[in-house]
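Read through the structure below, which is laid out as structure tokens, and then see the notes.
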Amino acid sequence: MPSSRHSDRVDLVLVGGGLVGACLAEELAHGGARVVVLDAGDRPGHATGRAAGVAVPSLRYATDETFHPWLTLARSALVDDIARLEPIHGRFSLAQPVLRLLLPQDVEALPEGPARQAAGVPASDAELAQLAPGLQVRGDEQPYLLPDGLSVNGPAYLQAAQAAALRAGVTWSQGRQVVSLDETADGVVVHCADGTAVSADRVVVTAGAWTGTLTGLPIRPQRGQLVLLEAPEVTLGCIVSGRLYVAPLPNGGLLVGATEEEAGFDERCTAGSVAGVLAYALRRFPGLASATVVEPRAGLRPVSDTGRPIVGRVPGRQRVYLAAGHAGHGLISARATARGAVAGLLHGDWDQVPDDFCPRAAAPVTAAAAGRAS
């Protein structure tokens, strides 16, 4: 490694300035830590700005007796965060019901109790007509209504979370791509592509889909494509959740998406996926035929093999940690993840982080990965 220009030593460096990194930075600073955030892009985050923004625990996790309750509690932390930040930064959320379009076998697969309650209650024809006029429901589908849905403008939320971190005293640097993490006897040297370096007691990698490249842990990118529409002729008072979402946005417009594609780090919008998303929207709402296509979007979600986040110390490393792998629930769980990680990092109390999130529970790094600098 060539010589690097060092800055003053800090307590923690966070590699990645998405929503998880911003929330963690603020919480650490409030706990008394000196924190530097290094983000590779020209603006904070990546997946946050390209997400559908639907902040509802996914029904796919409803039978997970650990993860779904944690997501539900995490959503409460998000609601509190919105109440704290919106008076300062303006509105970036929209509370609205979720209309789930389920097949009978989907409902029957949910056991009675919390899992079945997560689906909602059967929606009446009158509720359908009021909340989603023009919606086409297939004959084999059952509409269920969940009253406490929520949409969040991801970029606006991230901007507010970053501002809160800066107010707490965090140092934030954009355009700082981290290329290696060198552990020393008493700390870590974080080397950047521009030749600079930051020395810290510990490092937390919060780099989303790129986290695996620095930690060796199994976090990979999953491409999601969606389309933003301007459709004044379609009045939608709920989030429609089927194979894809059709969701009204807090600042106007409709978002349709998102796909789940294994495409590596290819974040292009592709004709086939965009056409598929639009075809889905038109099947659900034929009235969208005259809508304006404002923008197709593609982003890379960070996913793990378990579908759960990975939070904790990297196996084989003494001072390198990570908080990533949030897939499609990063908006919901960023603040809760941050609070759990801070309790562990600053006080040695990891009880707020479910055991299933432990890096060793995800998959151990290889011997080569554990010993290398990046």
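Annotations
- Label-point separation, Thr72 to Ala163 (7 Å along Cα→Cβ), nm: 3.4
- Farthest toward the positive end of the dipole of the stretch 126-270, out of Gly187, Ala197, Ala132, is the Cα of Ala197, where the dipole comes from beta carbon charges about the Cα centre.
- Other residues within the sphere of radius under 14 Å centred on the Cβ of Asn251, judged by their own Cβ, net out at -2 (K and R +1, D and E -1).
- Summed residue charge, Cβ within 11 Å of Ala160's Cβ, Lys/Arg positive, Asp/Glu negative: 0
- Whole-Hz Karplus values for the stretch 158-165 come out as 4, 4, 5, 5, 5, 4, 5, 5 Hz, taken residue by residue from phi with 6.51 cos²θ - 1.76 cosθ + 1.60 and θ = phi - 60°; glycine and proline positions read x.
- Mean sequence separation of contacting Cα pairs (under 8 Å, at least six apart), scaled by the length of the chain, corresponds to a relative contact order of 24 percent.
- Take the Cα of Gln105, step 7 Å toward its Cβ, do the same at Glu65, and the gap between the two points is 2.6 nm.
- Furthest towards positive pole of dipole, Pro296, Tyr280, Trp210, structure part the chain, Cβ charges: Trp210
- The length gained on full extension between Ala279 and Asp42, counted as 0.36 nm times the residue separation minus their Cα-Cα distance, comes to 82.0 nm.
- The alpha carbon convex hull volume per residue for the stretch 223-344 rounds to 133 Å³.
- Mean accessible surface per residue for the stretch 259-342, computed with a 1.4 Å probe while every protein chain stays in place, in Å²: 38
- Extension gain for the segment Gln117 to Asp194, taken as residue separation times 0.36 nm less the Cα-Cα distance, is 22.5 nm to one decimal.
- Annotation: peptides 297-303, 58-64, ranked by per-residue average of other Cβ atoms within 10 Å with the highest first, follow the order 297-303, 58-64.
- Taking 0.36 nm per residue of separation and subtracting the Cα-Cα distance, full extension of the segment from Glu230 to Thr292 would add 21.8 nm.
- Percent carbon-and-sulfur accessible area, the chain, ignoring ligands, DNA and RNA, probe 1.4 Å: 51
- Orientation-averaged projected area, Cα convex hull of the stretch 40-125 (nm²): 8.3
- Length-normalised contact order for the stretch 196-355 - Cα pairs under 8 Å, 6+ apart - percent: 28
- Ligands, DNA and RNA excluded, the heavy atoms of Leu322 present near 0 Å² of accessible surface to a 1.4 Å solvent probe.
- Computed helical MRE - 222 nm, the chain, DSSP H runs ≥ 4 contributing -39500 (n - 2.57), nearest 500: -9000 deg cm²/dmol
- Dipole size of the chain about its Cα centre, with +1 on Lys/Arg Cβ and -1 on Asp/Glu Cβ: approximately 640 debye, rounded to the nearest 20.
- Each Lys and Arg Cβ is given +1 and each Asp and Glu Cβ -1; about its Cα centre, the stretch 46-148 then shows a dipole of about 400 debye.
- Charged side chains reduced to their Cβ positions (Lys and Arg at +1, Asp and Glu at -1) give the stretch 255-327 a dipole of some 340 debye around its Cα centre.
- Cα-based convex hull, the chain, per residue volume (Å³, whole number): 136
- Considering only the chain, percent of DSSP beta bridges that pair antiparallel, nearest 5: 70
The values are calculated or read from the model by the stated rules, or taken from the named source; none is laboratory data. Values in this document were obtained by computation on a predicted structure and should not be read as measured data. Don't worry about glycine lacking a Cβ; one is built from the backbone with ideal geometry, like all the others, and counts go over all protein chains shown. Keep in mind that these areas ignore ligands, DNA and RNA; they rest on the heavy atoms of the full protein, side chains included. Shrake-Rupley method; radii C 1.70, N 1.55, O 1.52, S 1.80 Å.
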